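*Asks:* Below is the structure I would like to discuss, written out as structure tokens.
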There are 2 protein chains.
Amino acid sequence: MENLRRLLPSAASLIVFEAAGRHQNFTRAANELGMTQAAVSYAIRGLEEQLGVPLFHRVHRAVELTEAGEKFHADVSVGLSRIQKSAEDIRAKGRETNVTLAASTAFASMWMLPRLNRMREDLPEIDLRIQTSVRDLDLEEEPIPLGIRGGDPGHWPRYHVAQLAEEVVNAVATPAYIEEHGLPKTAADLQRHNLIHLEEPVRRACDWTEWFASAGLTYPKQARRLTINDYVLVIQAVLAGEGVALGWEHLINPQIRSGALMPVAGHVLKTGLAFYVVWPRSRELNAQAKRVRDWLLEEGRRDRAASGAGE
Amino acid sequence: MENLRRLLPSAASLIVFEAAGRHQNFTRAANELGMTQAAVSYAIRGLEEQLGVPLFHRVHRAVELTEAGEKFHADVSVGLSRIQKSAEDIRAKGRETNVTLAASTAFASMWMLPRLNRMREDLPEIDLRIQTSVRDLDLEEEPIPLGIRGGDPGHWPRYHVAQLAEEVVNAVATPAYIEEHGLPKTAADLQRHNLIHLEEPVRRACDWTEWFASAGLTYPKQARRLTINDYVLVIQAVLAGEGVALGWEHLINPQIRSGALMPVAGHVLKTGLAFYVVWPRSRELNAQAKRVRDWLLEEGRRDRAASGAGE
DNA sequence: GGTTTTCCATAAATCATGCTTATCGCATGG
DNA sequence: CCATGCGATAAGCATGATTTATGGAAAACC
């Protein structure tokens, strides 16, 4: 196989030839390509010299492909169109401005939502789309580059992971509730309060039993028990003054900082697990997704710093 | 569909990319292409800017294709190799130096053979191959660009034709024969001579009957009759002093000029037909075949001029 | 039939881009 | 720790692509 560069030193003339052959007319080809007729003539002549064979008959005031030109044109068309299509696909993909993030409704509404404005400021050209679902999606199957997951990364060997926040579980209530029912100073105090339960149907979430256990207590049998199957609704119930619930620190930090919620009982549960930004190893993040990922992680760091400073 | 030239202004970088992707190594690609590593780096960077997507990971002291690069490389490889193959085919065909000419054995040995040296001088780089056959070949079926035919071009509408020589039929003998048997001054004289007959099995050829008729005579019943089925052998028989035969002027001109044969009886038959160089309309002559055709025609003109001057 | 139009080819001049040279940086491995 | 290997980068250059300007020839038009 000959060296392609020696065979076709002026690859650009292939493009010219393709257009010229298609039109069988140099002037029109020149128009299409945004160049002059003379340049087309020059390019074709060069190609003919390279190949040692005329590609066009010059006849009347027109040109038409020779037999060799016809054949070559067919092949060049096919070859170039394949390359062109590929280039267009790649460019289109590179230009895509939307990045989809798979997350739980809790994360979406309690972590992302308060930060969307900031994100719009930092990454104005990125169109973030949040895909919420009841169970963690398999990103390898979905056309989704990024996800948020809580748990043990050892269970997701097919994903890259970057930690966003530790799993820290607080008992929280509103100032109004505390005013009415008194402040539970210890975990033991809490056993007399209205505890709101999350019954997460799919994802793992710690419950009061676990929380009390971590405080060295057992979960109190209690009459006034409210169970809700959605974390967002649990927090809304707390905000409505219905009682005390467990809240993931990274999700309720904004409300704690604003004073809407207060941690109570002086005990937190650190499960040793964490929440992660994840993306499949099988694909590559495009530039935009990378920026979103980095922004999320940076935001996580900012949040930790803010909490740390606040303590 | 976007303008390909805007999409890929530097088409040459495709070739560079193909090599670089194949080697996954810029330095080696540069070697293969006969350029410097810097140029490869530059070309790839340009392509990446065009596409808006990195094509290679720069890692350690190496590069490897990104996902996008991988895909693009596959398409570029296929596309370019198709074009390359086509270009190679065309070049090979253009470089072919052999030209085949289909002709009768008579034309081959009596017209071409004496001129081969001259042709080798005039067209030294062309390797002429003469294909002789008993019947005129169908050049559209055979991979033969040029042929020699005698007859009426109206019968070959699918061929381009260019006249090489009129059909002029002479009665000829050797000086030795004339010395021995006396010079036939008229056609009538010939009726007492040893007439050698050609019995052409396939191609049309005029015979003594026709010749005498054109002279206003009838073919003489004659005892000493020699019939040969090959024109070359007929002439050889004449040269051997066996008698008088009919000879196509354009074929025996060399011998007439050299004195080896002499036209006798003061009568020639012009049939109104002619001999032609022919080539099929369905294909195009390549450059070499054209040169051979033009040389043949020029040689025909030279021959006529020489005969005309000689008269 | 002459004039105009419409093609392509060609020559000269210009411009730009692709390429080279030279150098640096960085990571690896002896 | 230095040598080696490989890429990136910057600056300058040269070639080749492109333009402008012109000519020619066939066809179309009046």
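A quick yes/no check of all residues on (1) assigned to a strand (DSSP E or B); (2) buried (at least 18 other Cβ atoms within 10 Å of the Cβ); (3) of a type outside the set (Ser, Thr, Tyr):
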position	(1), (2), (3)
B:Glu140	no, no, yes
B:Gly150	yes, yes, yes
B:His160	yes, no, yes
B:Leu183	no, no, yes
B:Thr218	no, no, no
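*Asks:* Next question, about the same structure. Listed residues B:Ile90, B:Ile126; which is open to solvent by less than 30 Å² (accessible area, probe 1.4 Å) and not assigned by TED's automatic domain parsing to the domain that holds B:Asn229?
*Replies:* Numbers: B:Ile126 fails: not assigned by TED's automatic domain parsing to the domain that holds B:Asn229.
Going through B:Ile90, B:Ile126 in turn, the sole match is B:Ile90.
*Asks:* Let me ask something else about it. Restrict the check to the range B:56-72 and report whether at least one residue is under 49 Å from the mean Cα position of the chain (by Cα) and closer than 21 Å to A:Asp75 by Cβ.
*Replies:* Within the range B:56-72 (the criterion being under 49 Å from the mean Cα position of the chain (by Cα) and closer than 21 Å to A:Asp75 by Cβ), the answer is yes, since at least one residue qualifies.
*Asks:* Taking only the range B:43-58 into account, find how many residues are open to solvent by 50 Å² or more (accessible area, probe 1.4 Å) and farther than 18 Å from B:Ala19 by Cα.
*Replies:* Selection size over the range B:43-58: 3.
*Asks:* Taking the range A:26-58, which residues are in contact with a strand residue (DSSP E or B) (Cβ under 9 Å, 6 or more places away or on another chain), farther than 24 Å from A:Leu4 by Cβ and modelled with pLDDT of 90 or more?
*Replies:* A:Phe26
*Asks:* Just one of (1) under 19 Å from B:Glu284 (Cβ atoms); (2) more than 9 Å from every other protein chain (Cβ to nearest Cβ) trips up A:Met119, so point out which.
*Replies:* (1)
*Asks:* Does A:Asn194 satisfy the condition of being within 33 Å of the chain's Cα centre (by Cα) and either on the phi > 0 side of the Ramachandran plot or of a type in the set (S, T, N, Q) (or both)?
*Replies:* Taking the combined requirement at face value, the residue does not satisfy it.
Table: residues versus (1) within 17 Å of A:Val76 (Cβ to Cβ); (2) polar (S, T, N, Q).
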position	(1), (2)
B:Leu8	yes, no
B:Leu14	yes, no
B:His23	no, no
B:Ala29	no, no
B:Gly34	no, no
B:Tyr42	no, no
B:Gly46	no, no
B:Gln50	no, yes
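*Asks:* Among the helices (runs of 4 or more DSSP H) contained in the range A:1-62, which hold 2 or more residues that are of a type in the set (Gly, Ala, Ser) and within 12 Å of DNA strand D (Cβ to nearest atom)?
*Replies:* Ranges flagged: A:12-23, A:26-33, A:37-51.
*Asks:* Let me ask you something else. Which one is nearest to DNA strand C (Cβ to nearest atom), of the residues in the range A:14-42 that are open to solvent by 10 Å² or more (accessible area, probe 1.4 Å) and either of a type in the set (D, E, K, R) or touching a His at 6+ places or on another chain (Cβ under 7 Å) (or both)?
*Replies:* Ranking the qualifying residues of the range A:14-42, first place goes to A:Arg28.
*Asks:* Would you say A:Glu88 is in a helix (DSSP H, G or I), more than 15 Å from DNA strand C (Cβ to nearest atom) and closer than 21 Å to A:Ala11 by Cβ?
*Replies:* yes
*Asks:* Take the residues in the range B:59-85 that are within 21 Å of A:Leu285 (Cα to Cα) and within 16 Å of DNA strand C (Cβ to nearest atom), then tell me which one is modelled with the lowest pLDDT.
*Replies:* Within the range B:59-85, the match that is modelled with the lowest pLDDT is B:His60.
*Asks:* Can you list residue pairs whose Cβ atoms sit under 8 Å apart, with the first residue in the range B:76-92 being in contact (Cβ under 8 Å) with a residue 12 or more places away in the chain and facing another protein chain (nearest Cβ under 7 Å) and the second being of a type in the set (Asp, Glu) and buried (at least 19 other Cβ atoms within 10 Å of the Cβ)? Count only pairs 6 or more apart in sequence or on different chains.
*Replies:* Here the result reads B:Val76/B:Glu18; B:Leu80/B:Glu18, each pair linking the range B:76-92 to a residue that is of a type in the set (Asp, Glu) and buried (at least 19 other Cβ atoms within 10 Å of the Cβ).
*Asks:* Right, here's the next one. With the structure loaded, tell me whether A:Ser109 is open to solvent by 10 Å² or more (accessible area, probe 1.4 Å) and within 10 Å of another protein chain (Cβ to nearest Cβ) or whether it fails that test. Walk me through it before giving the result.
*Replies:* Working: open to solvent by 10 Å² or more (accessible area, probe 1.4 Å): yes; within 10 Å of another protein chain (Cβ to nearest Cβ): no.
The answer is no for A:Ser109.
*Asks:* For the range A:233-288: of the residues being assigned to a helix (DSSP H, G or I) and within 14 Å of chain B (Cβ to nearest Cβ), which is surrounded by the fewest Cβ atoms within 10 Å (Cβ to Cβ)?
*Replies:* Among them, the one singled out is A:Ala287.
*Asks:* Another question, then. How many residues does the range A:59-75 contain that are among the small types (Gly, Ala, Ser) and either buried (at least 20 other Cβ atoms within 10 Å of the Cβ) or facing chain B (nearest Cβ under 7 Å) (or both)?
*Replies:* Qualifying residue count for the region: 2.
*Asks:* Only one of (1) in a strand (DSSP E or B); (2) at pLDDT below 90; (3) touching a helix residue (DSSP H, G or I) at 6+ places or on another chain (Cβ under 7 Å) fails for B:Phe212. Which number is that?
*Replies:* Going through (1) in a strand (DSSP E or B); (2) at pLDDT below 90; (3) touching a helix residue (DSSP H, G or I) at 6+ places or on another chain (Cβ under 7 Å) one by one, B:Phe212 breaks only (1).
*Asks:* Of B:Ala103, B:Ala11, which residue is within 16 Å of DNA strand C (Cβ to nearest atom) and open to solvent by less than 40 Å² (accessible area, probe 1.4 Å)?
*Replies:* B:Ala11
The values are calculated or read from the model by the stated rules, or taken from the named source; none is laboratory data. For clarity, every value in this text was computed on a predicted model and none was experimentally measured. Note that we place each Cβ from the backbone using ideal geometry, even for glycine, and neighbour counts take in every protein chain shown. SASA here: full protein model, heavy atoms, side chains in, ligands and nucleic acids out. Shrake-Rupley method; radii C 1.70, N 1.55, O 1.52, S 1.80 Å.
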